[in-house]
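Q: To start, I am sharing the structure in question, which I have written as structure tokens.
The values are calculated or read from the model by the stated rules, or taken from the named source; none is laboratory data. This is a predicted model, so every value here is computed, not measured. Note: areas computed on protein heavy atoms with side chains; ligands, DNA, RNA excluded. Shrake-Rupley method; radii C 1.70, N 1.55, O 1.52, S 1.80 Å.
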Amino acid sequence: MQGLGEPRHIRPSLPRCEASGDRGKQVQGSHCSTSSLHPRASDYGGAVCRGQVEEDRGACRRPVTVDSSKAKTSLEALKISIKQLKWKEFPLGRRLPCDIYWHGVSFCESENLCSGKVNKFPGMMEMVRKINLSRAMRTMRQLYPEEYDFYPQSWILPEEYHIFCAEVHLARDADPSYKPTFIVKPDGGCQGDGIYLIRDPGEVRVMGSMQSRPAVVQEYITKPLLIDKLKFDMRIYVLLKSIDPLEIYISKDGLSRFCTEQYQEPNHRNLHHVYMHLTNYSLNIHSGNFIHSNSAHTGSKRTVTSVLYRLLAKGVDIKKVWSDIIALVIKTVMALIPELKVYYQADLPPGKPRPSCFQILGFDILLTKNLQPVLLEVNANPSMKIEHEQELRPGVYENVPSLVDEEVKIAIIRDTLRLVDPRRRRSLQNRSPSSDRMADIHPESPDTGDPETSKSPDKSNLPAMCLKQVYPKYAKQFSRFRILEQIATLFIRFLGMKGSKRMGPTGFRTFIRSCKLSGSGFSMAAGDILYIDITRRCSSLEQRESGMSLQAFFEAFFHLARRRYKGFALHEQVQSLVEFCESQQDSVHEKRLQHSRARTGALAPLRHVTSHTPLLHRSSVSCRLTDYKLQHS
């Protein structure tokens with residue numbers, strides 16, 4: 001599917017002294033500069049630039065180093081990827097810093113993690129847990145109800161059990177034919193552990209155990225798209241390359257996981273048939289009907305591309321399907337980013353050496369019968385195993401290669417490494433998107449002209465990139481959903497204590513006062529009451545330390561927006577309040593700058609004419625400066 005109407009990027013020609021890798025930048029700046037502080041290259045017949053090029057070539061020849069000591073289950077695919085790139089692996093770690101650290105489960109800090117790149121974001125494991133993901137999606141749905149309808153309606157157990165019961169009973173009273181099915185998922189569960197289906201709120205199991213193991217109950221999609229009469233979902237792999245600036249890539253291919261029992265709509269007789277209703281690979285592999293795939297197009301685990309081609313043969317507009325999936329991914333990431341930024345500043349505070357982060361996420365997506373994608377969950381640690389267990393004889397198992405896993409996962413890890421290669425030039429990072437048409441995206445497009453997805457500097461004969469940039473490429477369509485990031489920036493600004501993730505009452509009062517949100521209609525005392533009310537309620541739900549979390553701050557911010565801008569849609573009210581707060585902060589910042597300039601100008605003569613300046617006048621100037629600081633601190 002080449003030829004999508006996007007012009008290929010043509011690398012501009014550069015002077016030889018600028019064609020350097022990252023390691024050569026410092027030397028380049030000191031030797032190739034035309035500043036009078038350094039000799040010009042022309043003064044030495046270009047010898048300095050030639051020496052710079054040689055040093056840069058040496059830097060490029062130095063292999064990228066990867067610490068794989070914590071890679072765990074992704075180790076085999078990582079080893080193959082490093083070997084294909086001809087990089088240097090350190091399987092037992094290294095005393096000296098490495099360029100890339102590959103962690104298997106979550107972000108974990110160590111002595112060497114003061115530089116380089118690590119493949120996990122702090123806080124990501126917590127953010128994609130089912131309860132936190134549901135809260136984040138619910139907040140976005142408040143602002144954009146029609147845009148965030150791809151996530152099933154959810155309730156948190158046990159705190160919202162009474163709300164769940166009340167809403168189901170109201171729906172049944174309004175429509176007697178309403179006979180929903182719900183799916184209960186433990187918050188920290190994985191691989192299908194503890195998941196079960198219910199038809200009535202009273203069927204929720206042992207509420208007492210929910211206190212120690214909270215869960216989410218969601219609407220169950222009763223009419224999924226079927227292939228060969230089997231329910232399936234798609235594991236779409238997403239690379240979050242950076243959160244500031246935001247960079248998102250989606251793999252052209254993924255995995256389709258099939259149930260092993262023909263699907264029937266839920267009823268009281270088949271609710272417990274996990275092989276019919278749950279697509280989890282770790283469950284279905286124990287079914288007697290499970291078929292290990294020998295190709296990408298058959299078996300109980302296939303590639304996403306094979307499924308899309310199957311749909312294409314039936315006349316389905318797979319470009320539209322893929323565009324909807326991309327939109328779902330971008331919107332979901334935008335719901336997660338605000339909280340991630342809070343975790344990031346807490347665990348990796350600015351002002352000290354720290355690594356940069358990236359992460360591969362697994363999006364589990366279900367297609368409905370009418371081809372609408374539904375987000376089931378997001379996995380912060382998607383399995384990157386490239387083998388499966390095969391029973392040779394009763395009780396005897398052997399790990400054998402999985403051709404489908406190898407095809408998909410090695411390419412994803414290899415191309416992730418290519419994209420985060422520290423030698424990659426950064427000058428094109430902020431380029432403008434070459435196209436904004438979502439319909440032009442297709443998972444099989446071999447190249448879109450992206451410099452980031454062009455050939456690697458390591459080997460020109462590597463396959464084309466399987467990861468395609470979708471943000472900032474399509475920023476115009478989705479930037480309006482980043483409003484919560486702006487609120488999170490305000491939240492971080494007024495946190496007060498470095499490394500904190502919760503706002504205290506003093507921070508909230510400072511926010512109200514600094515943004516001039518108090519007045520005749522809303523007093524500072526009312527702000528204190530709002531803080532106490534929301535924080536107490538949210539703390540009982542989250543069961544964490546005291547203070548106002550970001551989600552609680554969102555609720556308070558929405559409340560203030562409704563009071564101040566009545567008669568508008570919520571997202572318009574919130575946007576107006578964000579702009580007002582930012583303008584107040586800009587005004588305070590500008591006043592401080594003017595005050596700093598004025599102070600410098602006023603005090604400079606005093607150093608020269610101190611003996612001629614009356615003491616009383618100097619004291620009044622000092623008092624006015626002190627009053628100004630107190631007023632604007």
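Q: Any idea of R592's accessible area? Nearest 10 Å², probe 1.4 Å.
A: Result for R592: roughly 110 Å² accessible.
Q: So how long is each side of segment 59-200 along the principal axes, counting just the alpha-carbon atoms, biggest first, in Å?
A: The Cα atoms of segment 59-200 stretch 71, 32, 28 Å along the principal axes, largest first.
Q: With 28 Å as the limit, write out which pairs from K231/K385; K79/K501; K566/K591; K319/K369; K72/K301 have Cα-Cα distances beyond it, or answer none. Spell out each step's value before the answer.
A: On the way: K231/K385 23 Å; K79/K501 36 Å; K566/K591 31 Å; K319/K369 17 Å; K72/K301 22 Å.
Beyond 28 Å: K79/K501; K566/K591.
Q: Would you kindly compute the Cα radius of gyration of segment 324-365 and its largest Cα-Cα separation (Dmax), both in Å?
A: Cα only, segment 324-365: 13.2, 41 Å (Rg, Dmax).
Q: Still on this model: Round to a whole angstrom and tell me the spacing of the C-alpha centers of segment 367-398 and segment 142-195.
A: Cα centres, segment 367-398 to segment 142-195: 25 Å.
Q: Compute the distance from the alpha-carbon center of segment 253-330 to that of segment 541-591, in whole Å.
A: Each part reduced to its Cα centre gives a spacing of 42 Å.
Q: Then there's this: Hey, can you find the accessible area per residue of segment 113-220 for me, probe 1.4 Å, expressed in square angstrom? Intermediate values should be presented prior to the final figure.
A: Details: 4580 Å² over 108 residues.
Accessible area per residue, segment 113-220: 42 Å².
Q: Express the accessible area of segment 267-350 per residue in Å², computed with a 1.4 Å probe while the remaining protein chains stay in the model. Could the numbers behind the result be given before it?
A: Values: 3300 Å² over 84 residues.
Averaged over the residues of segment 267-350, the accessible area is 39 Å².
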